[in-house]
1. Looking at A:ALA69, A:ALA124, A:ALA128, A:ALA56, can you tell me which residue is over 26 Å from A:PHE478 (Cβ atoms) and assigned to a helix (DSSP H, G or I)?
2. Among the listed residues A:PHE336, A:PHE341, which satisfies the condition of being on the phi < 0 side of the Ramachandran plot, facing another protein chain (nearest Cβ under 7 Å), in a helix (DSSP H, G or I) and aromatic (Phe, Trp, Tyr)?
3. Contact list please: Cβ distance under 8 Å, first residue in the range C:4-21 and at the interface with another protein chain (Cβ under 7 Å from one of its Cβ atoms), second residue of a type in the set (Lys, Arg) and assigned to a helix (DSSP H, G or I), pairs at least six apart or on different chains.
4. Which numbered condition trips up A:ASP395, out of (1) under 30 Å from B:VAL148 (Cα atoms); (2) part of a helix (DSSP H, G or I); (3) facing chain B (nearest Cβ under 7 Å)?
5. Residue under question is B:ILE73, and the condition is that it be β-branched (Val, Ile, Thr), more than 7 Å from every other protein chain (Cβ to nearest Cβ), free of Cβ contacts under 8 Å to residues at least 12 places away in the same chain and surrounded by fewer than 24 Cβ atoms within 10 Å (Cβ to Cβ); does it hold?
6. Could you list, in sequence order, the residues of the range D:206-215 that are more than 8 Å from every other protein chain (Cβ to nearest Cβ) and either β-branched (Val, Ile, Thr) or closer than 15 Å to D:SER67 by Cβ (or both)?
7. Could you grab me the full set of residues in the range B:122-166 that are in contact with a His (Cβ under 9 Å, 6 or more places away or on another chain) and small (Gly, Ala, Ser)?
8. From the list D:TYR223, D:TYR207, which residue is of a type in the set (Ser, Thr, Tyr), closer than 30 Å to C:VAL31 by Cα and in contact with a Gly (Cβ under 8 Å, 6 or more places away or on another chain)?
Amino acid sequence: MTTHIGPGETRPPRPPAPPSLTEPPAPRVNYLNVAYGVKSWLLTTDHKRIALLYLAGITMMFFLGGSFAVLIRLELVTPAGDLVQSETYNKLFTLHGIIMVFFFLIPSIPAFLGNFLIPIMIGARDLAFPRLNLLSWYIYMLGGAFTIFALVRGGVDTGWTFYTPYSTAYSNTHVIAAGLGIFITGFSSILTGLNFIVTIHRMRAPGLTWFRLPLFVWAHYATSLIFILGTPVIAITLLTVVLERALHLGIYDPRLGGDPILFQHLFWFYSHPAVYIMILPAMGVVSEVVACFSRKRIFGYEVVAMSSLAIAVLGFLVWGHHMFISGQSTYAGLVFSLLSFLVAIPSAIKVFNWTATLYKGSVSFDTPMLYAAGFIGLFTIGGLTGLFLAAVGLDVHVTDTYFVVAHFHYIMVGGAIMGYLGGIHFWWPKITGRLYPEMWARVAAVIVFAGFNLTFFPQFILGYLGMPRRYHAYPEEFQVLNVMSSAGASILGLGYLLPMIYLVWSMRYGPRAPANPWQAKGLEWQTASPPITVNFERQPVVTEEAYEYAPEENAKIV
Amino acid sequence: MDTGLPLFPEQASTMAGRVDALYLFLIAISVFFGTLIATLVVTFAIRFRRRSRDERPPPIHGSTALELTWTLIPLGIVMVIFLWGAEVFFAMARVPPGTMNVYVVGKRWMWKTQHMTGQREINELHVPVGVPVKLTLTSEDVIHSFFVPAFRIKKDVVPGRYVTTWFQATRAGTYHLFCAEYCGTKHSGMIGTVTVMEPAAFQSWLSGGATGTSLAAAGEKLFTDLACVTCHRGDTEARGPKLEGLFGRPVSLANGERLVADEAYIRESIVNPTAKIVAGFQPVMPAYQGLVTEEGLMQLVAYIESLSGPAPAPAGAAASPSPGAGEHKP
Amino acid sequence: MSDHIVSPHVYVGVFLVLLVGTGLTVFAATVDLGMWNTPVALVIAVAKAMLVVLYFMHVKYSSRLVGLALGGAILWFVLLIAGVGMDYLSRNWVGTPGT
Amino acid sequence: MSSVAESAHGSEAHPDLVHHFESLPAQKEAATFGMWVFLVTEVMFFGGLFLAYTIYRNLYFHAFVQSSRHLDLTLGGVNTAVLICSSLTMAMGVHSAAVNKRRATVGWLLLTVALGSVFLGIKAVEYKDKFDHHLVPGEHFRGEELHVVGDEVRRAQIFYSLYFAMTGLHATHMVIGIPIILIVAWMAHRGRFSPEYHTPVEMTGLYWHFVDIVWIFLFPLLYLIGRHH
């Protein structure tokens, strides 16, 4: 429902003030207390409330996917497949992948932080299509329901990659339900991307030119391009898999002369750019955090902004590097290898620019900055090991081994989740109006970093030794490294539980947050914590550059 | 249990050293850049730590020179890596002449190997040291992947088509054979061993056991049983093309295309005969898909290959359309 | 701006051209043009699609942003076809099956 | 960061203007652009099938020719004409809304629905014919009517798989479009639109024209392969 603002009214009518139990002065009206009751949440069109609805769904999915990871790591403590059956193990890693990729990592930052922040950052009252935004969330939940249905009916065992002809003709599990779940969720991504693109193009505040936009917004613009250009392809791909299973269409069936490798092309045309869907928003978070905690404009702002677009575009040209040994032609492999090396460059540029931003800054290591620094370190390792995989001759040995598993976890967990956690901490005061306990948060950040490295670094070695991925049982000589990895995973799990506890605690008991607790720049810090429903009392007008922490006339040109 | 902490896999093929050299080069690059970034972040964080609450450092604008530096230097480095990786990759794709040929069928959840001399193994492969071995692989069901870590080779085995890989073992021993492409319930059980033997030992392995008939002879029997000879008689009145001397030679098709008769072409012409019609013939051959097992098909291919003489030029050498970059080093 | 009012005569004119185009494409398919049958059919289809896009969908009168979206869609579709086509075209160039 | 005190819009704000837009033209611009972005995703959605078609048509040309010839050229051609007619009526519907002709708008939109239904009816006749002649992929598929034998029968199944997937997806888009047009026609009937605000009619029009364009490509690609032999 939309709120009409009449003449002279700058905010919605004040509802009856709710009785406050915690603090004497009745809280101002904000988006959280403007209305109460389940209906006011489930029918809301406020982007901030929808963001919190997403947070609920995403968090649930994260811990569901995480519990599968726990079981996987427990199984791999011993070489024999003795904890669960092979069938169960295969379902565990499949559901871990499906849930973490499609239901956690892809929506995590865009649908929660992006949804909450983009309109505020550009000085708008909401996204361009608020009802569509709510619909996106319902579609996401419906897709999740299909997947959970597949899970409770017995699961699915194709791997998150759904490779044909295994998925179309051989698996006896609930491929159709899981495939439809991802198909449906895809439309949630598409609609979110569409909403962001139109919003960023059409609804920027007066004076907010493209090159004054926060880098978080740039990153989400690039991400949204991938959403709208890539997601439809995975949708049609999974739909054809479902049709091939259900109606015996034969598009990938080798018995008819169909080519299973065509499926891989279509799958990776989306699923490689999907990696950038996960990492680009995290890069946006890191840009904001690094600027704020060094109190400086990001070094080479324009270059960093453009590198996001470059990653989004180049990211679409490299999908074949997942298929070097698949039976794809040797020459196509070479072209995809070359292009894959090119996409490494804009990522490297970002890392160098963040590092340069710290130079002569005023650097403070609050929790968000700890996560950002962790991101830079882990993303660097993840990116550099990506070079190993892009080098065709070397990829032959390491592909489909734990080397790949380690590499993409460094990008997705070390990169995307570190960015996500950093972002949650950074904007938590804005979102909830409460401060979190800084000491606990720092401890958790360090635990996550240590646990992560212990979990995934040994997997690089395992992979080069030759341990294939998706193995339920493995030769004995791999055990030591697997035990290390599992030990790390238990530390990592603790690191993830801690924020869950203290952040929830802070929602009730944390000290009230001022509008701008970090003394940060950006429109979101100019409005109250938490903001009112229409975000700003008055239409903001932007008169300065992004991240103008100190007057421009003091600027030095290096 | 092996309590040691392994860090590096065994090297047992001519390719292993080349892959490892690239690997070590990349580790050096990674350590350099990883240390560089980590050092800079930590140094800046300490050197420029916030000293007062309201400190506002003067802004520094970007620098085109610096941006170009950290664009072009990484670009140069990755191009070197690309070329190096491509060179190794071509060496893997290009089969050297004079190989010993082995046919491999992947099937959930086992590897079936057949030697030209007729030995058949399951989840095992015996090869001599120092001889290049060409593998022609296919799958009976889903996609598998033939992976021997000690040789640094891996190739996805795709149903409905042939793929090729090769290796030359350098050290006698027993090495892991893994399926590296997820193939269902017992994926992690689809493992075996590759036993590399000294030539003399290999010869005695070949002569030991019930050898029976060679692969080509088995193919010839199948050829007779399926009555292929009714049409492929070899005379000018025959309804099917002459097969003697076909393998490794160019073929003109009815649609004007030309190709070289390799294993994949012969397999396709048996299971999908109308796919590529030889010029001057009618598409009258029935399809044998589903009537001959993949192993039987490989026997037929071996038989037709044997009709072109005892030591046919490998298809790779005969058909290669591009100049010989990335020569194989023994 | 999409507020531009297009005369119904333009619509009817475009409609007639579209019908003629349909007839033409059927006719062209019945004539043996050798390898050119498919390109001719595609050229006619693209021309018809452009007419619909420009006039019925008002792109001729819309903002540049709409043109950008349209161009992006076409470019990405071409990328998909070109990238996958590259693989199929260069299969077996090295000379052994599966390379 | 400075700011101005003026609130978003004055007292004469249009009832169709939602709170977060400055003006109706801005709102309409956003809607149009949003619809185009959606159509971009539709291009890529169909793009996957067009890719599969391109690959297999080149690999198995002969089987595609034989299979295509069995499609009913007359019904396909008539359907193309019907769909082009419906695009015209849809364009006229949008035009009528823009010049504030309420009854004409409703009339054109209902005519569009009628033509769309005719298209789907003809499509249903074609589908039934394929069922009757065992040309639906699966174990009952027969190649005799296509004059193909042996392995060609299997390739023909790939053609018919793509035929059903592509035309089925196209028809699904029409099945979704028809109720939307009916709702918009109902809104027009109730006098919800004006020359300033008729965005729903325009957006529905864009969608419908896109569906028409997909068919403009499907028709020659599916029905007209190798007709000259």
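The values are calculated or read from the model by the stated rules, or taken from the named source; none is laboratory data. All values derive from a computational prediction rather than experimental measurement. Neighbour counts run over all protein chains shown; Cβ positions are idealised from the backbone, glycine included.
1. On the way: A:ALA69 fails: over 26 Å from A:PHE478 (Cβ atoms); A:ALA124 fails: assigned to a helix (DSSP H, G or I); A:ALA128 fails: assigned to a helix (DSSP H, G or I).
After ruling out the rest, the residue left standing is A:ALA56.
2. Values: A:PHE336 fails: facing another protein chain (nearest Cβ under 7 Å).
Result of the check over A:PHE336, A:PHE341: A:PHE341.
3. Hits for this filter: C:LEU18/C:LYS48.
4. (3)
5. Values: β-branched (Val, Ile, Thr): yes; more than 7 Å from every other protein chain (Cβ to nearest Cβ): yes; free of Cβ contacts under 8 Å to residues at least 12 places away in the same chain: yes; surrounded by fewer than 24 Cβ atoms within 10 Å (Cβ to Cβ): yes.
Against the criterion (β-branched (Val, Ile, Thr), more than 7 Å from every other protein chain (Cβ to nearest Cβ), free of Cβ contacts under 8 Å to residues at least 12 places away in the same chain and surrounded by fewer than 24 Cβ atoms within 10 Å (Cβ to Cβ)), B:ILE73 qualifies.
6. D:VAL211, D:VAL214
7. Selection gives B:ALA150 alone.
8. Working: D:TYR207 fails: closer than 30 Å to C:VAL31 by Cα.
It is D:TYR223.
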